[in-house]
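Trainee: The structure's right below; bear with me while I get my questions together.
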Amino acid sequence: MSNSDRLFESIRQESDERIAAINADADKEYNEVMESARRKAQEITHSAETKVQLQAENLIKAYKSREELERRNSLLRTKRDEIEKTLSHVYEYIIGLDDKKYFEIVLKLAAKLKGQKGTVFFCSRDLKRIPKDLEKRFSGCGLTAKISEKPYDDISSGFILKDGDIEENMSFEAVINEKREELEDLIGRELFKD
């Protein structure tokens, strides 16, 4: 082999060794970059899966919470409706009582006004069925009152006591509204016993 061949062979061998070293370094760097990218991709995937799972859990919790709230609101509406119906039935029952029982309730309301005086007003319907001795029975309850012959049709039951500008509303609607909270509690306990 000639000197130029040996020189050429030496250069080629050195080049091949350099290329192999460069390739080995490139392969090593490529493998490191790929491994780093694979780890990063796994971290991103794991982070995304965790976020998605957390979002799904939060959506499920929110749905369950909303569902529970809607169920409670529906139950409350149902209870409220039933209480309103019951209060309406109570009112209808009272105004539908026979004259004797109806005016016994009126007298119980009058007894709450003991010591007061004035003019008692009834609606047209009640004015037609007043017992003849009602003024006397008012006195027996401690209420000094004269019964007006003029109907007071702003009410449909019970009575109004007026003394000048002072007015006591003893209509059954007013009494039920005044005692509404107590009545609602009582009705609610009775209707919705566990």
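We did not get these values from a lab; they are worked out from the coordinates using the rules stated. On a predicted model such as this, the values are computed, not experimentally measured, just so you know. Glycine also receives a Cβ, built like all others from the backbone with ideal geometry; neighbour counts cover every protein chain displayed.
Trainee: Among the lysines, which fall within straight-line cross-link reach of K108, defined as a Cα-Cα distance under 18 Å, with same-chain neighbours fewer than 8 residues apart omitted?
Mentor: In chain and number order, the partners are K100, K117, K132, K136, K146, K162, K179.
Trainee: Using alpha-carbon pairs under 8 Å, 6+ residues apart, how would you state the relative contact order of the chain in percent?
Mentor: 17 percent
Trainee: Would you mind checking the tilt of helix 180-191 against the longest principal axis of the Cα atoms of the chain, expressed as 0 to 90 degrees and rounded to 10?
Mentor: Helix 180-191 sits roughly 70 degrees off the main axis of the chain.
Trainee: Between Y63, Y91, Y30, which gets the highest mean-square fluctuation from a Gaussian network model of the chain, Cα cutoff 10 Å?
Mentor: In this elastic network of the chain, the residue with the biggest mean-square fluctuation among Y63, Y91, Y30 is Y30.
Trainee: Please identify, among A41, A111, A24, the residue showing maximal mean-square fluctuation in a Gaussian network model of the chain using a 10 angstrom Cα cutoff.
Mentor: Comparing A41, A111, A24 in the GNM, the peak value goes to A24.
Trainee: Here's something else I'd like to know. I want to verify a result. In a Gaussian network model of the chain, Cα cutoff 10 Å, which of these has the top mean-square fluctuation: R38, R12, R129?
Mentor: R12
Trainee: Provide the percentage of antiparallel DSSP beta bridges, counting only those with both residues in the chain; round to the nearest 5.
Mentor: Roughly 65 percent of the DSSP beta bridges within the chain come out antiparallel.
Trainee: Which distance in nm do the two modelled labels at E167 and A21 give, with both placed 7 Å along the Cα-to-Cβ direction?
Mentor: 11.2 nm
Trainee: Another one. Under unit Cβ charges (Lys, Arg +1; Asp, Glu -1), what dipole magnitude, rounded to 20 debye, does the chain have relative to its Cα centre?
Mentor: With Lys and Arg at +1 and Asp and Glu at -1, about 1680 debye.
Trainee: Would you calculate, for the chain, the mean residue ellipticity at 222 nm contributed by helices, counting each DSSP H stretch of 4 or more residues as -39,500 (n - 2.57) and dividing by all residues, to the nearest 500?
Mentor: -24500 deg cm²/dmol
Trainee: In addition: Take the alpha carbon gyration tensor of the chain, find the square roots of its eigenvalues, order them as a ≥ b ≥ c, and report rounded if a/c is under 1.5; if not, report prolate when a/b exceeds b/c, else oblate.
Mentor: Prolate.
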